[in-house]
Every structure is written in C-alpha cells, then in structure tokens.
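What follows is a set of notes on a single structure, which appears directly below.
We did not get these values from a lab; they are worked out from the coordinates using the rules stated. What you see is a predicted model, and the numbers here were worked out from it, not measured in a lab. Methodologically, a virtual Cβ is constructed for each residue, glycine included, from the backbone with ideal geometry; neighbour enumeration extends over all protein chains shown.
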Amino acid sequence: MANQSGAGSPPVALSVAGFDPTAGAGIAADLKTFAAHSCYGVAAITALTVQGTKGVRKVEPVSAEVLKAQIEELLKDVSVAAAKIGMLATRANVTAVADLLEKAKLPNVVLDPVLRSTSGAELLEPSGVKELTKRLFALATVITPNIAEAATLSGVEIKGLDEMKAAAEKLHQLGARAVVITGGDLEKPVDLLYDGTTFTPFGGQKIKSENTHGTGCTFSSAVAANLACGRQLDDAVMLAKAYVVKAIEKGFAPGKGKGALNHFYRFQNGQFVHSHSISTPSEGAAHGISHF
C-alpha cells in the first residue's frame, strides 16, 4: 500500500521513459517539467541512450524485469497522482507497463507514443508498436502523438486539420479515450484535442527557434503534471501548450546541435511564477508545438 502524501505535500508524478544524457528529453525533461509545475517527480528508466544534441547514436533497452521491478518498488512506496509513459523501446517493456497499469489502476495516465527520434533512431521496435496500440491505448487517460506518430498509428496521412480529425477518430476507435495530436509541423500549426465527442483545436503561429529538443516529452509531462494538480483535461492541455511555447521561446543551446527548452524560465530573475496561479494561456498558447 502506497504511503499517502501529507498535508501540503506536492502531488507525485511518475515518468516511465528513456534516459537522454543531454537532459533535453526523456526522464530528465519530465522531472524538470514536474518540478516546474510544483509536482514531485519519480521515474523508472526504460532505456539508456548514447546521444548528444546532434542526435541519438545508440539505444540500450532496460530489461522488462528490471523495468517492472522499478515501477513496482515505487508504487509500493508512493501515491502516484499522475503518470507519463514515454519511450518504451521494446515490446516486452510495453507488455510489462500494460500489465502493471492494469493492476495498479493509476489515475491520469498520459501516453506519449514515442516511435522514432528526430534524427531517425528507432525508439520502439516494430513488434512493440502493435502491442502499444492493443494494450496501452485503453489504459491511458490521453495519448499525445505528433503528426508523424498519429499518421503511423492511425494509417491516415495528415496534411491539415481535417486529416487530424480523421486520425484522432481512428485512434479513438483503436482504444484511446482521448487524443491530443500536436501539429506544429503543419504549414498552419494547430494542436487538436479529441475526447471521443468534441474536437478542440488550439491554433497558433510558428515559433522561429532551434531550441526544440524534447518538446514532445515536455508537453506530455506538463499535461500529466496539470492533471496531477487536479485540472480538467482541456485545461491541462491548454496550460501544457502555453508552458512549452514559453519554454521554447526562452530556450538555449547547451551543445553543438539542436537547443533545449528552458524548463525553469519561471525562475528567471529570481521571480518564481507558481504554476497554480496560471489560469489562462497567457504564456503564448496561441502557438503550435510538435514533438521532437
């Protein structure tokens, strides 16, 4: 039985994802995002990667047994208010996570169906993609694919909002309770939320920045953090979008390749803006975002 958080304790958010040594994506980005939203982050690593800011060179998956043991130990110890599931690497890891979610019945599960990196590295083996759709879609509160991921998983070629709606409906038919397709790569950027009944688009302008490594990870973990703080899904998506846009605008390049988001821009100049005080998309939610 997990310990219950004491009065005034921050909600606990769990990340199940891969480790990026540059700390721009994966586990490190998730934990930074959780902290920026006043959540306490815990994590289970699915894979180690060899990568710099120019791309992924190698992926070394963690065994399903070790991944399962990490999550089980955490769930025996802490009360998880939300979980973000990212890169899983292998079919065995997909199965292990699905088995655990079915047993634990965690609230507020955000599934980011990571298939490939921007540099082209495979982040989920082909046999795992079908298992992801079959097992994990129905266990997630919401899935957050980008355009390429949504197209691959739904079989719908996406060129604009109409195709996004068709893909979202298909993903819902495949078992997803709610879908957010992020469309920052479109000529006219728009992100689309579909809850099985209503389509809610979030339009915007292109952001001219190379500091975009980890936007997908950050968006999905920001949605999870907002859900952990008690927000409804549409508000969680709106606020996550606003956060990511501002983090891109305030981003920087720590290496020689693609730059990173500034996850802690709210701490700049010694001024911390508490996430609970943000109730509107004032940080720039009009912009479209996409996964990288």
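Just a few scattered comments:
- Prolate/oblate/rounded label for the range 151-246 (Cα gyration tensor, a/c 1.5): oblate
- The antiparallel fraction among DSSP beta bridges confined to the chain stands at about 45%.
- Two-site FRET efficiency, A166 against E65, from Cβ-Cβ distance with R₀ of 30 Å, rounded to 0.05: 0.15
- Relative contact order, whole percent, for the chain stands at 19, derived from Cα pairs under 8 Å and 6 or more residues apart.
- Given the alternatives [x] 0.93; [y] 0.96; [z] 1.25, Rg/Rh (Cα atoms, Kirkwood Rh) as computed for this entry is given by [x].
- Pair F264, K159: separation of 7 Å Cα→Cβ label points (nm): 4.6 nm
- Cα shape, the range 84-138, gyration tensor, a/c 1.5 rule: prolate
- Each of K58 and S119 was given a label point 7 Å from its Cα along the Cα-to-Cβ line. The distance between the two points is 1.3 nm.
- Potential extension, D234-V50 segment - 0.36 nm per residue separation minus Cα distance: 62.7 nm
- A138/S38 FRET efficiency (R0 30 Å; Cβ-Cβ; nearest 0.05): 0.50
- Applied to the range 127-144, the Karplus parametrisation 6.51 cos²θ - 1.76 cosθ + 1.60 on θ = phi - 60° returns per-residue 3J(HN,Hα) values of 5, x, 5, 5, 5, 4, 5, 5, 9, 8, 3, 6, 8, 9, 5, 7, 10, 10 Hz, with x for Gly and Pro.
- Overall form of the range 1-123 per C-alpha gyration tensor (a/c, 1.5; a/b vs b/c): oblate
- Nearby aspartates and glutamates by direct alpha-carbon distance to K256 (threshold 14 angstrom, same-chain neighbours under 8 apart not counted): E210
- For A140, the amide hydrogen comes within under 5 Å of the amide hydrogens of R177, counting only partners 5 or more places away or on other chains and with H modelled in the peptide plane.
- Additional length obtainable on full extension of the chain from K103 to T197, 0.36 nm per residue less Cα span: 31.0 nm
- Charge-dipole axis of the chain as Lys and Arg at +1 and Asp and Glu at -1 on Cβ define it, positive-most pick from V114, I71, L136: V114
- Whole-number percent relative contact order across the range 133-267, with pairs defined as alpha carbons under 8 Å at least 6 apart: 17 percent
- Peptides ranked, highest mean first, by Cβ atoms within 10 Å: ranges 152-161, 209-218, 127-136: 209-218, 127-136, 152-161
- Cβ-Cβ distance of L174 and A253, R₀ of 30 Å, FRET efficiency by 1/(1 + (r/R0)^6): the value works out to about 0.20.
- The H on the amide N of A83, modeled in the peptide plane, is under 5 Å from the matching H of L14, V109, V110, each at least 5 residues off or on a different chain.
- Charging the Cβ of each Asp and Glu at -1 and of each Lys and Arg at +1, and nothing else, the dipole of the range 12-277 about its Cα centre rounds to 440 debye.
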